[in-house]
Amino acid sequence: MMPLALAGGVSPVMFTEQTVLLAGRNGRRVAGSYALGVGATALVILSALVFFGRSIALPEQPRLSASLDVFLGCALVLIAAVLHYRRPRTKDPASSRPRGFGPVHALGFGVFSMATNFTTLAVMVPIAKEIATSQLGLIGRLVVLGIVVVLAALPAWLPIAMTQVAPAVTRRVLAVLTHLIETRSRQATVLLLAAVGLFLVGRGVVRLVGL
């Protein structure tokens with residue numbers, strides 16, 4: 001689940017939006033609200049998916065679980081193919097922040113950004129299934145869910161953490177990270193999604209054949 005959560009956390013759009021917010025007026029406060037909106041939305045969506053997975057009692061229905069593995073795996077491979085062949089859209093970072101942006105607006109902006117980040121939402125579905133079908137207790141599930149949310153919201157909180165730890169070098173480091181994300185994030189996301197998708201398909205087929 002951790003590589004898949006990291007794949008969901010590779011979001012050039014959210015990372016760019018957060019760096020632009022940090023560079024503006026009351027940057028840390030506004031960026032903090034944005035990160036809160038992103039993290040809270042990821043937590044609510046993932047919790048709902050886990051609850052749905054538990055409600056259909058996947059551990060007691062192995063054939064349903066295996067079929068979902070195949071379906072989700074094929075969906076992830078398809079998403080990876082679409083990301084690979086789709087031409088990336090260029091966006092002006094300066095236009096990411098409306099004028100007069102305050103903490104309340106940033107909170108809503110963070111909710112909107114995560115709710116419309118379809119790549120991250122797509123990888124949350126198999127993650128939620130794994131959590132729901134695991135043998136972990138309630139505390140264990142909550143811990144794993146929290147780790148996944150932190151990884152999925154990485155583009156939102158990492159720039160803030162960097163300004164707190166090393167404000168003097170943050171601008172240069174963020175520039176390097178932004179360049180890496182813009183040039184390599186698509187390849188990394190495609191490879192991770194395809195790898196996990198193929199793994200889920202293989203595991204689902206093995207379970208179906210063995211039943």
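The values are calculated or read from the model by the stated rules, or taken from the named source; none is laboratory data. Since the model is a prediction, treat every value here as computed from it, not as a measurement. Cβ coordinates were reconstructed from backbone atoms using ideal geometry, including for glycine residues, and neighbour counts include every protein chain displayed. Quick note on the areas: whole protein, heavy atoms, side chains included, nothing else; ligands and nucleic acids left out. Shrake-Rupley method; radii C 1.70, N 1.55, O 1.52, S 1.80 Å.
Determine the order of 28, 141 by accessible area, beginning with the largest, at a probe radius of 1.4 Å.
Details: 28 115, 141 40 Å².
These residues rank, largest area first, as 28, 141.
Which net charge results for the neighbourhood of residue 147, defined as the other residues with beta-carbon distances under 15 angstrom from its beta-carbon, given Lys and Arg at +1 and Asp and Glu at -1?
On the way: positive: 141; negative: 130.
After counting each charged neighbour, the total is 0.
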